Amino acid sequence: MYTYDINKKYYFTNIGVIIFMKKLRCISVMNVLSGLESIYIDIKNNNSGNNEVFIPLLEVYNDMLLKKDKINRKNLKVFKKYIKKRNIMFYKKNKNNFSIIKNIKRCKAYDYENALKHLEVLVKANDYLIDKIKENKEVEIKIMASSLQNYPSYILSRGICKEMSGEEFYNKYLCYYPRIYKTPFLEEYKELFY
């Protein structure tokens, strides 16, 4: 005979809600990282010499990245408003990166906990990039953006970085800028990749 246990139903419902909420946080982090990747590509391909327009965007992204595990649907809505206000053209181009619903199917499995560890590195990298933009070092800006553009893909385990080990990624991409300019760049975070 089948018996109905209301406590079990409640338990499974809570588990379902917890799993769904974690999925939403994963999608939110994915959206933020996808937008950041787009900024790096835009900076690398920018030929106008007007890189100052990217400073407010990078600062807003840094604020969001510093929230780490508090990146969620609610914060993403506020973040979207800030991005819209700072650079409407960037927002229009990357509108899908700010939609949880559109990205539910697109979200591939990635290591969420590992991604949270890398957010601090991205903040530091953005700070370096902002400094170079303020110094107006055009070629250095492009090379730094080029070395960073695949970092979000590496964190999300997608694209050309999907099969790469941390060591391979670090040596191929993040070491690109220091190899050319003989200057330290994110070396203090090397252990995250090895």
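Extents of the stretch 131-170, taken as max minus min of Cα coordinates on every principal axis and listed largest first, are 36, 16, 13 Å.
In a fully extended conformation the segment linking residue 93 and residue 53 would gain 12.9 nm over its present Cα-Cα distance, using 0.36 nm per residue.
Roughly how many percent of the accessible protein surface of the stretch 36-93 is carbon and sulfur, given a 1.4 Å probe and a whole-percent answer? The C+S portion of the solvent-accessible surface of the stretch 36-93 is 52 percent. Solvent exposure of the stretch 48-102 amounts to 62 Å² per residue of accessible area, where only protein heavy atoms count and the probe is 1.4 Å. With 32 Å as the limit, the listed pairs 93/142; 85/190; 68/172; 92/190; 95/182 have 85/190; 92/190; 95/182 beyond it between alpha carbons. If the segment from residue 111 to residue 73 were pulled out straight at 0.36 nm per residue, it would be longer than the present Cα-Cα gap by 11.8 nm.
Once the 1.4 Å probe is applied to the protein heavy atoms, the stretch 128-194 comes out at 51 Å² accessible per residue. Pairs over the 19 Å Cα-Cα cut-off, from the set 23/70; 23/67; 80/134; 22/117: 80/134.
The values are calculated or read from the model by the stated rules, or taken from the named source; none is laboratory data. The model shown is predicted, which means the values in this text are computed figures rather than measured ones. SASA here: full protein model, heavy atoms, side chains in, ligands and nucleic acids out. Shrake-Rupley method; radii C 1.70, N 1.55, O 1.52, S 1.80 Å.
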